[in-house]
Amino acid sequence: MELLEILKKAVEKNASDIFIISGLPVSYKIYGQLTPENEEIILPGTAKDLVEEMYKLASRDISDYEKAGDDDFSVSIKGLSRFRISAYKQRGSMAAVIRVVAFDIPDYASLNIESSIITETAEKTKGLVLVTGPAGGGKSTTLACMIDEINKNRNGHIITLEDPIEYLHKNKKSIISQREISSDTESYITALRACLRQSPDVILLGEMRDYETISTALTAAETGHLVISTLHSVGAQNTIDRIIDIFPSNQQQQVRIQLAQLLHTVVSQQLVPCEDGKLRPAFEIMKCNNAIRNMIRESKTHQIDTVISSCGEEGMITMDSYLFNMYKKGTISKNTLLKYAMHQDIMSRKL
């Protein structure tokens, strides 16, 4: 079983992920469905050989993975694609899930990403833009499209902090510095503090994952930079509440005031299966107007959905409205609509 052959087949099949796990055949995720390559079971020895081959391709030391049991890194294969690898141990054997990442930045229109999300973010010069959603929801692709749009239209310095680097950006109108956590810098927080001294205009932070990172990201946005980042939350209200709740209670009011001043846009997205067998993104778009800023300051985030629903002319839309529009167009089924809706009981009555 050759690793390169497995990777080539994944690209040919247009798979998003490859699963190499002992006791199962090599499997590909194609449009959200797991498909085994054949009936040949991967033995622990074969899995070990394949994972070791990944480390050789990436010219990466395997010793840290052998001690810790988890590792994330990426590798490029000329003429084929880039691959983001998450190696781990399960039941005492080596395993890996490999994400297929195209060399070129995809065209956001062809991926059905709302154009306003990309173009309006590119026009911002300071503040905070968040792209949220579940793992595997397409956040990295949306971020890459945002950065590419800024790169094409603005003269400045863009710094990306990623774990690991997925899409490779070429210098166009801007200069881009792409830093990978663990290989180029010690951690998100170390890199974020350092990049404030590297004359950035735009900072892309792969993930706001803890108190220190979120606090420093807010400081960066406060000092006149555009900060774009992600959170694993669905919905604007949940995103704002999660950021505030990570801080001690005696700091939360100050954070509300900061967010109300700094936050521009929250884009929540998830990939939903469509009637044609493919996956397409569904979005919730919240843009901070005066009403929403007041709600954040006054701890009334539970009212945000109502404002989003009533401000369609400002380019806002709730997740449920977006899904309902997809259903009316025949893009998704009734079952899919109900499964992915944020408020299933209300959606059932609406139907």
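Full extension from GLN33 to SER59: what is 0.36 nm times the residue separation minus their Cα-Cα distance, to one decimal in nm? List each step's numbers first, then the result.
Working: separation 26, 0.36 × 26 = 9.36 nm, distance 3.16 nm.
Once the chain is fully extended between GLN33 and SER59, it gains 6.2 nm.
Rounded to the nearest 20 debye, the dipole size of segment 115-350 about its Cα centre is 500 debye, using +1 on the Cβ of Lys and Arg and -1 on the Cβ of Asp and Glu.
Write out the chymotrypsin sites (Phe, Trp or Tyr not before Pro) in segment 54-158 meeting two conditions: DSSP loop, and at most 15 other Cβ atoms within 10 Å of their Cβ.
Details: sites: TYR55, TYR65, PHE73, PHE83, TYR88, PHE103, TYR108; in loops: PHE103, TYR108.
Sparse-neighbourhood loop chymotrypsin sites (Phe, Trp or Tyr not before Pro): PHE103.
Using C-alpha pairs under 8 Å with a sequence gap of at least 6, the mean separation divided by the residue count of segment 65-109 gives a relative contact order of 30 percent.
Counting pairs of alpha carbon atoms under 8 Å apart in space and at least six apart in sequence, what relative contact order in percent does the chain give? Let's see the in-between values first.
Working: 640 pairs, mean separation 45.0, N = 351.
Reported as a whole number, the value is 13 percent.
Taking other residues whose beta carbon is less than 12 angstrom from the beta carbon of LEU50, and scoring Lys, Arg as +1 and Asp, Glu as -1, yields -3. Of the trypsin sites (Lys or Arg not before Pro) found in segment 89-148, those that fall in a DSSP loop while having at most 15 other beta-carbon atoms within 10 Å are ARG91.
For every helix of n ≥ 4 consecutive DSSP H residues, a contribution of -39,500 (n - 2.57) applies; sum these over the chain, divide by its total residues, and give [θ] at 222 nm rounded to the nearest 500 deg cm²/dmol.
Dividing the helical sum by the residues of the chain leaves -11000 deg cm²/dmol.
The packing ranking, built from the mean of other Cβ atoms within 10 Å per residue, places the peptides 156-166, 263-273 in the order 263-273, 156-166, highest first. Seen against the Cα atoms of the chain and their longest principal axis, helix 252-262 is set at about 90 degrees. In terms of surrounding Cβ atoms within a 10 Å radius of their Cβ, MET286, MET326 rank from fewest to most as MET326, MET286. To test your reading of the geometry: what angle, between 0 and 90 degrees and rounded to tens, separates the Cα axis of helix 236-245 from the longest principal axis of the chain? With rounding to tens, the tilt is 90 degrees. Over segment 3-101, Cα pairs under 8 Å with separation of 6+ residues give a relative contact order of 28 percent. Here the label points at THR219 and MET1, each 7 Å from Cα along the C-beta direction, are separated by 4.7 nm in the simple model.
With the simple model of a label 7 Å out from the Cα in the direction of the Cβ, LYS339 to ILE77 spans 3.1 nm. Helix 211-222 axis versus longest C-alpha principal axis of the chain: approximately 50°, rounded to the nearest ten. The packing ranking, built from the mean of other Cβ atoms within 10 Å per residue, places the peptides 296-304, 317-325, 33-41, 210-218 in the order 317-325, 210-218, 296-304, 33-41, highest first.
Here, each number is a calculation from the coordinates, and none is a lab measurement. Note that the structure is a prediction, hence the values are computed from the model and not measured. Please note: Cβ atoms are built from the backbone with ideal geometry, for glycine as well, and neighbour counts cover all protein chains shown.
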